[in-house]
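*Asks:* First the structure, which I've put down as structure tokens, then a few questions once you've had a look.
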Amino acid sequence: MTTRKPATILAGARPDADPGLHGVAPPLWASDTFRWATAEEKPAYDYGRTVNPNRDMLADVLAELEGAAGGAITGSGQSAALLALLLVPGDAHVVAPHDCYGGTYRLIRGLEEQGRLSATFVDMTDIDALGRALERETALVWIETPSNPLLRVTDIARVAGLATAAGALSIADNTLPTPLRQQPLALGCDLVFHSTTKAINGHGDLFGGALLAKSPALVEKLQWWANAAGLYAGARDAWETLRGARTLSLRLNQAEASAQRIAGWLEARPEIEVVNYPGLAGHPDHDLAARQQAGPGFMASFRVKGGNATASRFLTGLRLITLASSLGGHSTLICKPASMTHRGMPPEAQAEAGITPDLLRLSVGIEEADDLIADLERGFAAMGG
Ligand SMILES: *Cc1c(COP(=O)(O)O)cnc(C)c1O
């Protein structure tokens with residue numbers, strides 16, 4: 001493994017990958033197929049569904065950042081999630097967090113309803129509940145930390161260790177922290193998952209996913225399935241994602257510094273019921289987050305006093321921050337998970353996961369923090385009363 005620092009890995013040119021002209025920025029290899037010298041000598045790149053140089057360049061960068069042996073670049077986070085679930089046998093038992101990403105919940109539940117797998121959703125911070133879930137023969141344990149939208153922190157080394165002891169593979173959704181803030185494979189996970197739609201591309205203009213594995217055998221298996229099932233990103237999307245990723249370190253530093261400042265500012269406001277941000281000393285998992293993550297990240301969530309209607313009025317006051325359901329991009333977005341990102345989760349499941357109707361989730365972008373704080377002021381002013 002390399003000792004290069006993440007910012008250097010992300011910014012590094014690959015003129016070697018363009019043997020014709022040695023371009024500093026990589027070319028876009030849009031061709032669906034490649035010439036064979038003879039019918040017997042399979043070239044490294046033959047057919048674009050199976051292999052493509054732009055996908056490989058992105059996979060190499062992400063694998064180096066994550067300490068993975070390799071992986072597959074897919075057309076969305078959801079297709080990477082499906083790819084991960086194709087690695088487990090039919091009928092397998094899967095354990096996932098009760099407050100996981102709404103799309104992950106929908107996919108696992110949907111496959112369960114078709115009888116393709118069985119699933120147990122648990123509070124991953126409750127090690128006893130996880131232990132009970134693992135009493136059934138389990139093939140895969142899904143970790144997502146910090147969780148979305150509540151920013152709860154799961155002890156990756158502990159959960160991955162329990163999964164391994166139970167004979168299960170463990171996977172971590174590392175979309176929120178990014179490889180620059182958290183390294184699940186080094187903490188014992190077998191697989192790491194990304195929606196590159198979010199911070200890695202960071203420009204809010206495409207969809208992408210990545211599934212990376214620690215062991216070469218698992219890489220081979222997931223690449224086999226990606227090819228068999230046609231779960232891959234187009235060359236242009238992979239090329240653009242790498243272009244976006246070049247500045248990940250800079251964007252993350254700026255957004256995270258603003259998020260820390262905004263979370264502290266929100267917490268001190270009299271209109272606030274609670275702020276969830278691992279960088280706050282009062283966060284229940286603050287110490288674990290400080291140990292496990294290289295930084296608290298760009299996401300926070302909060303509840304205002306007065307409930308759902310008041311939270312909706314807060315949103316009407318915002319002019320700079322956009323009401324939209326994504327995260328990790330250049331501009332700051334806010335959403336109401338109960339009716340937006342997590343609406344696919346039944347009300348009972350939302351209640352169990354702690355996703356109250358008045359919860360607001362903030363994905364901090366790279367604007368000036370002063371301007372974001374001024375906008376949040378406008379939200380408070382619109383609450384009335
Ligand atoms: C967005 C997201 C996904 C799904 O990714 P898509 O690219 O939208 O398909 C999965 N997990 C997390 C944490 C996400 O934020």
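*Asks:* Identify all residues within the stretch 75-102 that are within 8 Å of the ligand (Cβ to nearest atom) and farther than 25 Å from Ala233 by Cβ; write none if there are none.
*Replies:* Scanning the stretch 75-102 gives no hits.
*Asks:* Within the stretch 309-329, track down each residue that is within 25 Å of Thr178 (Cα to Cα) and either within 16 Å of the ligand (Cβ to nearest atom) or not in a loop (DSSP other than H, G, I, E, B) (or both).
*Replies:* Thr322, Leu323, Ala324, Ser325, Ser326, Leu327, Gly328, Gly329
*Asks:* For the stretch 82-106, name all the residues that are more than 22 Å from Thr341 (Cα to Cα), out of contact with any Ser or Thr (no Cβ under 6 Å at 6 or more places or on another chain) and assigned to a strand (DSSP E or B).
*Replies:* Ala92, Val94
*Asks:* When you scan the stretch 26-41, how many residues do you find that are within 21 Å of Ala233 (Cα to Cα) and β-branched (Val, Ile, Thr)?
*Replies:* 1
*Asks:* Among the candidates Leu191, Leu222, Leu231, which residue alone is more than 14 Å from Met57 (Cβ to Cβ), in contact with a strand residue (DSSP E or B) (Cβ under 7 Å, 6 or more places away or on another chain) and within 13 Å of the ligand (Cβ to nearest atom)?
*Replies:* Only one candidate qualifies: Leu231.
*Asks:* Restricting to the stretch 277-299, what's the tally of residues that are under 18 Å from Gln254 (Cα atoms) and either at pLDDT below 95 or within 19 Å of the chain's Cα centre (by Cα) (or both)?
*Replies:* Going through the stretch 277-299 one residue at a time, the tally reaches 10.
*Asks:* Taking the options Arg55, Arg109, name whichever one is under 22 Å from Ala228 (Cα atoms), within 16 Å of the ligand (Cβ to nearest atom), among the charged types (D, E, K, R) and not in a strand (DSSP E or B).
*Replies:* After applying the criteria, what remains is Arg55.
Every residue, every condition in (1) in contact with a Pro (Cβ under 7 Å, 6 or more places away or on another chain); (2) within 22 Å of Pro337 (Cβ to Cβ); (3) buried (at least 24 other Cβ atoms within 10 Å of the Cβ); (4) modelled with pLDDT of 95 or more, yes or no:
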position	(1), (2), (3), (4)
Thr125	no, yes, no, no
Pro146	yes, yes, yes, yes
Arg158	no, no, no, yes
Leu162	no, no, no, yes
Phe193	no, yes, yes, yes
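*Asks:* Considering only the stretch 116-163, state which residues are in a helix (DSSP H, G or I), touching a strand residue (DSSP E or B) at 6+ places or on another chain (Cβ under 7 Å) and away from the ligand (no atom under 16 Å from the Cβ).
*Replies:* Result: Ala129, Leu130, Ala133, Val159, Ala160, Ala163.
*Asks:* Within the stretch 332-355, how many residues are surrounded by fewer than 17 Cβ atoms within 10 Å (Cβ to Cβ) and either assigned by TED's automatic domain parsing to the domain that holds Gly103 or among the hydroxyl-bearing types (Ser, Thr, Tyr) (or both)?
*Replies:* So the count comes out to 1.
So that you can scan it fast, the table gives a plain yes or no per residue for (1) without any contact (Cβ under 8 Å) to a residue 60 or more places away in the chain; (2) under 26 Å from Arg158 (Cβ atoms):
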position	(1), (2)
Val192	no, yes
Ala210	no, yes
Ala217	yes, yes
Trp225	no, no
Gly230	no, no
Asn253	yes, no
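The values are calculated or read from the model by the stated rules, or taken from the named source; none is laboratory data. What you see is a predicted model; the values in this text were computed from it and never measured. We place every Cβ from the backbone using ideal geometry, glycine too, and count neighbours over all the protein chains shown.
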